[in-house]
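Everything on this sheet refers to the single structure shown next.
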Amino acid sequence: MTDTSAQIAALKAHGDTLKVPLRKRYWEIEALRKPKLDKIAALQAERDANIDNLTPVQDRAIIAEIKHIRAQIDPDIEDERREILRALLDDDGKTRLGSP
Amino acid sequence: MATYNKIQAFVEHLAEKVHNLGADTLKILLSNAAPSASGDAVKGDLTSELSTAGGYTSGGSQATISTSAQASGTYKLVVNDVVFTASAGTIGPFRYAVLYNDTPTSPADPLIAWWDYGSSITLADGESFTVDFDGTTGVLTIA
């Protein structure tokens, strides 16, 4: 069981007070993934801005770079983030993530 | 996660090379009116997207792609959860989360799918709403 899984199990057992460390971990994960996501977003923005003017070769090169960066994002981190968000959701789909 | 509803024009757009789901910029927008599966094809067809206010930006937020790949001949698109947080005001009311592709220019901003949350939701200042995509089954599969 990962630390996050253990915290979620404890959250279910003990209620809202244990949401604080989960929120903290959420923002830690965001800090880890953000640099790579920002690089992808920048490439996508560049591609979007020039989409009608790129040659097929240029387009494929940008796509390959996007996929290369995406492959560097740890899938376990993504799963953990998803797990935390799900654990923090209230019945109506809302939550309070606070600030980093 | 609410039920997936397919935009019918999406499959034609997919077959006619409008989408590259592995590299295009996908976004989620919030609306308080249901899209029409048969009548709406692009973002411009929607009439009730939320305006920019309270931390929400018109056009929505990017849904970052987690996986775009096939296995044993079945393609699966997985995107990361999208979180909307109200700040300095409220977001809503909204009931529908709509996925669209922000990259193509012809047609511009083709719609892909939407999810119905059953009733209108308003986020108070500081509250977040997570569009909770399934990490295992993904947003959609093509076989």
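The values are calculated or read from the model by the stated rules, or taken from the named source; none is laboratory data. As the structure is a computational prediction, the values presented were derived from the model and not from experiment. A quick note on method: Cβ atoms are made from the backbone with ideal geometry, for glycine too, and the neighbour counts reach across all protein chains shown.
Observations on the model:
- The stretch B:88-115, residues that are under 11 Å from the mean Cα position of the chain (by Cα) and either surrounded by fewer than 13 Cβ atoms within 10 Å (Cβ to Cβ) or part of a strand (DSSP E or B) (or both): B:Y96, B:A97, B:V98, B:L99, B:Y100, B:N101, B:P110, B:L111, B:I112, B:A113, B:W114, B:W115
- Enumerated helices (runs of 4 or more DSSP H) restricted to chain A, each holding at least 2 residues that are away from every other protein chain (no Cβ under 11 Å) and modelled with pLDDT of 90 or more: A:19-49, A:56-71
- Filtered residues of the stretch B:109-133 (kept if within 8 Å of chain A (Cβ to nearest Cβ) and among the acidic types (D, E)): B:E127, B:D132
- Only one of B:I142, B:I121, B:I112 that is among the hydrophobic types (A, V, I, L, M, F, W, C) and closer than 16 Å to B:G59 by Cα: B:I112
- Qualifying position, being surrounded by 20 or more Cβ atoms within 10 Å (Cβ to Cβ), out of contact with any Phe, Trp or Tyr (no Cβ under 6 Å at 6 or more places or on another chain) and free of Cβ contacts under 8 Å to residues at least 60 places away in the same chain, among B:T64, B:T52: B:T64
- Enumeration of residues in the stretch B:116-134 that are part of a loop (DSSP other than H, G, I, E, B) and either among the hydroxyl-bearing types (S, T, Y) or farther than 20 Å from B:G22 by Cβ (or both): B:A124, B:D125, B:G126, B:E127, B:D132
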